[in-house]
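The structure appears right after this line, and notes come after that.
Rule-based calculations on the coordinates, nothing more; no lab input. Remember, predicted model here, so these are calculated numbers, not experimental data. Using ideal geometry, Cβ is built from the backbone for each residue, glycine included, and neighbour counts are taken over all protein chains shown.
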Amino acid sequence: MNSLAPPLRLAEAAGVLSLATDLAMGQPLEHGLRTAMLALRMAQAAGLSEDDQVTVFYTGLLHFAGCTAESEIDARFFGDELAARPRMIAVAHGSRLELITTAMRTAHQGSAPLARAAMMARAAFGGIAEFRKWAASHCDVARILGARMGLSGPVQQSLRHLYERWDGTGMPGELRGTQIPLAVRLMQVAQDADVACQYGGIALASSTLTRRAGSGLDPEAVRIFLSLGDRPYKGLDAPSIWEEAMAAEPGPQPEVAEARLDACLSAVADFADMKSMWTIGHSRGVADLAERAAGVAGLAPSEVVTLRRAALVHDIGRVAVPVSVWAKPGPLTRGEHEQVRLHAYHSERVLDACPALRPLARLAGSHGERCDGSGYHRGSRAGDLPAAAWLLAAADCYQAMREPRAYRPARSPQAAADELSQEAQAARLPHEAVRAVLAAAGQPRRPVPRPRPAGLSERECEVLGLIARGWPPSR
């Protein structure tokens, strides 16, 4: 990491992941931060100990941390999971009738009625068991990611039970009432308050919580929240509450030790890659290849470390694109292509929120750029970016070629190397970056033809060179 960057706090790492979960759940950015703040203010009003407040704070930040684990399940049932999730979140702790009717109205909205019915019937074939599996998967992944980031045992325990309900009808339905961790019960009230406030202000939030007390929500937690009036919302309507949320972390505010930083960023990488079955392990593969290529290219040790870490998190913005786009077997429409191009922008913006990760942000957001300006998201050209950015772009290309995608099988090492070489020949990627990546990938050294000016052939350039050197000789 850049020596000028401040140390990374654990809350900041969790906050970055929280912003990514907002994108993945179709929520306005900082929903997770607001949920954490609302839940923390409830915990403080209830007189909870400092340790319990810490658990509440991190449970609020990461209550959607496992959401990419069930993205494909949601996509099968709803079609566009990013459009459906905000509607389903709004009724998650409502009545069973609200849940069913909202699901029926939301699923496959763009399809014809008969097609919708058929798709929903196929998706719901497994019935309630499928959704219990869905909830268990989300919670297991959230807990594992929390453990890898270094979160405490109580936080991990809370992340195991995110979808239980006070009345026992939650998912997977193992706990009810006070059996549910207190941090989860406070988080659920805070989540519903923030979501309802988005739609109709504090008045709607209050009426929603009152209606759900004793069924989906802990009635005592609702009572505590409502007794505070408007105070829990103070300052949460600011353009950004990042700094306030980070400052509000209770307790000693631990930092992520240098030795644990890669493990922490690897957890973020896996969260992003779980968005699609086609990209599992992609980010770690890119990071490993980019690191080796940087060694071949002779980058300084500090630059190699920064590149590896940027590569780990380069695809965090992938979660903002629907599963249907990543899994499409045919050509993308223009709108779908724009969604893909924007994922690099989302990666950069999420990382840029955290001062300690800011040195990674621009580098990570440049992985789709091309030397001729045809890449994304800025349309950068050859001289606009450092060597590390082009190494990341080339490594990302090669690694993706070696992996299967919905629209093609995985390419062989030879075919991937040939195609990457063609990118250099077409002046879309620098020759030096391509050569370093191919060497790091164990490909035999091969000459990469350089592009010639004005569309001239190799032979035409050879003749011009001879003429410039005085050929044919004068008589």
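Taking a ≥ b ≥ c as the square roots of the eigenvalues of the alpha carbon gyration tensor, the range 258-455 is rounded, as a/c is under 1.5.
Distance between the pseudo-spin-label points of residue 345 and residue 223 (7 Å out from Cα toward the beta carbon): 4.9 nm.
When only Cα pairs below 8 angstrom with a gap of at least 6 residues are kept, the range 10-248 shows a relative contact order of 24 percent.
Since only 400, 343, 416 are under comparison, the one whose Cα sits farthest along the positive direction of the charge dipole of the range 258-455, derived from C-beta charges on Lys, Arg, Asp and Glu, is 416. Averaged over residues, the count of other Cβ atoms within 10 Å places the peptides 201-207, 294-300 in the sequence 294-300, 201-207, highest first.
Counting every C-alpha pair in the range 10-248, the share spaced more than 31 angstrom apart comes to 17%.
Here's the list of aspartates and glutamates a cross-link from residue 328 could span, going by alpha-carbon distance under 14 Å and ignoring same-chain residues fewer than 8 apart: 72, 80, 336. Helical content of the chain, expressed as a calculated mean residue ellipticity at 222 nm, amounts to -19000 deg cm²/dmol (DSSP H runs of 4 or more residues, -39,500 (n - 2.57) each, divided by residue number, nearest 500).
Given a Förster distance of 30 angstrom, what is the FRET efficiency for residue 207 paired with residue 253, based on the Cβ-Cβ distance and rounded to 0.05? It comes out at approximately 0.25. Annotation: lysines with alpha-carbon distance below 20 angstrom to residue 133 (same-chain offsets under eight excluded): 275. Under a 5 Å amide H cut-off, with hydrogens placed 1.01 Å from N, residue 9 pairs with 256 among residues at least 5 apart or on other chains. Once the Cα-Cα distance is subtracted from the 0.36 nm per residue extended length, the residue 174 to residue 263 segment shows a gain of 28.9 nm.
For the range 144-156, backbone phi angles converted through the Karplus equation (6.51, -1.76, 1.60; θ = phi - 60°) give residue-by-residue couplings of 5, 4, x, 5, 5, 7, x, 6, 5, x, x, 5, 4 Hz, Gly and Pro being listed as x. Once C-alpha pairs closer than 8 Å and six or more residues apart are averaged by separation and normalised to the residue number of the chain, the relative contact order reads 16 percent. What the phi angles of the range 361-370 give under the Karplus curve with 6.51, -1.76 and 1.60, with θ = phi - 60°, is a coupling list of 4, 5, 5, 4, x, 9, 5, x, 6, 9 Hz, glycine and proline written as x.
Annotation: amide H-H contacts under 5 Å for residue 405 (H modelled 1.01 Å from N, sequence separation of 5 or more, or interchain): 410. Put the Cα centre of the range 296-365 next to the Cα centre of the range 1-42 and the gap is 17 Å.
The translational diffusion coefficient of the chain, from Stokes-Einstein at 4 °C and 1.567 mPa s with a Kirkwood hydrodynamic radius over alpha carbon pairs, comes to 54 µm²/s. This model, with +1 at the C-beta of Lys and Arg and -1 at the C-beta of Asp and Glu, gives the range 175-281 a dipole about its Cα centre of some 660 debye.
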